[in-house]
Amino acid sequence: MPEAITFGLVCFSSLLVIMDPLTAAPIFVGLTEGMSADERRRLAIRACLVSLVLIAVFAVAGSVILKVFGITIPALRIAGGMIFVGMGMQMLAGSGHGTEVQQGNGVDLAVVPLAMPLICGPGAITTSMILMGQASTWPTRLAFALAVLAVLVLTAVVLALAPRAARWMGSSGTEVLTRVMAMILIALGVQFVLDGLRPVLMEVLASFR
């Protein structure tokens, strides 16, 4: 039992750092500008539920899924980066706010980009697959599941409370925050793409040696 508790704490801290709800919070505010408090709260909860399903699926059958479709972790990083860049460009142009993106473009923000790749990105997927692989007993598997649940509950709370801080800034401050978050989102997307390309380029360079 002490082993399971220790393993659960490791899972909680690892996933909390990878998912980083404090980084996701301002991006969530920028993406949901124009939504009511209830809509934002429901969206945060739904995004975390979708993330829970994604982590559960990849933790149990992630390696099989990736092998079946021939998908690599670097490819996931590049795809996530492209999504971030696209959403960031929309926000920067003033066309990616809340309901406009969700309804006008037929995109559910709870799924893209909140659940995937913002909350449950390639890092979270990889980490969950590794941790689940290390959970060799039922107590450690239960500890892993509880750790995932705890992190996502904390993430939902942080996202739901984030708009209150934005309201203190006023409409002008929120508009500035949206533009700043758009630039950060684009930068994160570029970093995701670079992280995905790095192992591919290293492999190509190694083949010429």
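Observations on the structure shown:
- Per-region count, segment 19-68, residues acidic (Asp, Glu), in contact with a Ser or Thr (Cβ under 8 Å, 6 or more places away or on another chain) and surrounded by fewer than 17 Cβ atoms within 10 Å (Cβ to Cβ): 1
- So ALA25, is it modelled with pLDDT of 90 or more, among the small types (Gly, Ala, Ser) and under 21 Å from ILE184 (Cα atoms): no
- Enumerated helices (runs of 4 or more DSSP H) restricted to segment 1-78, each holding at least 1 residues that are farther than 29 Å from LEU92 by Cα: 2-19, 37-69
- Matching residues, segment 5-14, being buried (at least 18 other Cβ atoms within 10 Å of the Cβ) and modelled with pLDDT of 90 or more: PHE7, GLY8, CYS11, PHE12
- Positions within segment 80-112 being in contact with a Ser or Thr (Cβ under 8 Å, 6 or more places away or on another chain) and either modelled with pLDDT of 65 or more or in a loop (DSSP other than H, G, I, E, B) (or both), in sequence order: MET91, HIS97, LEU109
- None of VAL153, VAL148, VAL158 is of a type in the set (A, V, I, L, M, F, W, C), farther than 26 Å from ALA4 by Cβ and either at pLDDT 80 or above or touching a Phe, Trp or Tyr at 6+ places or on another chain (Cβ under 8 Å) (or both) except VAL158.
The values are calculated or read from the model by the stated rules, or taken from the named source; none is laboratory data. Since the model is a prediction, treat every value here as computed from it, not as a measurement. Positions of Cβ are backbone-derived with ideal geometry, glycine not excepted, and every protein chain shown enters the neighbour counts.
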